[in-house]
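The block underneath contains the structure these notes are about, expressed in structure tokens.
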Amino acid sequence: MDYNVLDLDDIPLKDLSEIDEVPPDLDIRPIGEQLGLSEMRATVWYFEPGEEIQYHAHSEQEELYFVLEGEFSLKLGRSGDTEYVDADPGTFWVAEPKVGHGHRNVSDERGVVLSIGAPPVDDPGLDPHDIDD
């Protein structure tokens with residue numbers, strides 16, 4: 001693939017609640033899959049009020065996030081050294097491998113977050129409290 005162009009509305013919405021092995025039960029648009037990305041993952045996540053991705057870490061993957069809609073409370077940092085940060089539309093944050101991160105939609109409206117992760121490996125969430133680093 002030299003290049004690819006898609007409109008977000010043309011990417012099918014996937015309901016993660018239909019996949020038992022994949023928490024959380026959110027809706028996503030797997031833009032990386034649709035664009036044929038091979039060096040990173042890219043996903044748009046949709047959060048109803050109160051929904052969240054719980055505090056977790058990855059062993060290899062670095063993740064970049066960008067708030068498109070909504071207001072979020074972020075929990076960031078290594079176990080025992082976390083901080084809570086507010087994030088509105090236009091806010092970026094990043095988590096290196098083995099660094100805990102999680103976010104919750106604290107607004108009364110739907111929240112939308114773009115996430116980009118690399119490398120594109122199967123890197124299930126780890127409990128940050130179990131990481132010795």
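What follows draws every value from the coordinates through simple rules; no lab data is involved. All values derive from a computational prediction rather than experimental measurement. Here the Cβ is made from the backbone with ideal geometry for all residues, glycine too, and neighbour counts use every protein chain on show.
Here region 84-99 is scanned for amide nitrogen atoms under 19 Å from the site 7 Å beyond the Cα of HIS129 along Cα-to-Cβ, giving 84, 98-99. Normalising by the residue count of the chain, find the relative contact order in percent from Cα pairs under 8 Å and 6+ residues apart. The value is 28 percent.
Each residue of the chain gets 112 Å³ once the volume of the Cα convex hull is shared out per residue. What the Kirkwood sum gives for region 57-133 is a hydrodynamic radius of 12.9 Å, with every pair of different alpha carbons counted. Projecting the Cα positions of SER17, VAL112, GLY90 onto the charge dipole of the chain (unit charges on Cβ atoms of Lys, Arg, Asp and Glu, taken about the Cα centre) puts GLY90 furthest along the positive direction. The length gained on full extension between ASP86 and GLU33, counted as 0.36 nm times the residue separation minus their Cα-Cα distance, comes to 16.1 nm. Entry note, the chain: the mean residue ellipticity at 222 nm calculated from DSSP H runs of n ≥ 4, each adding -39500 (n - 2.57), is -500 deg cm²/dmol after division by the residues and rounding to the nearest 500.
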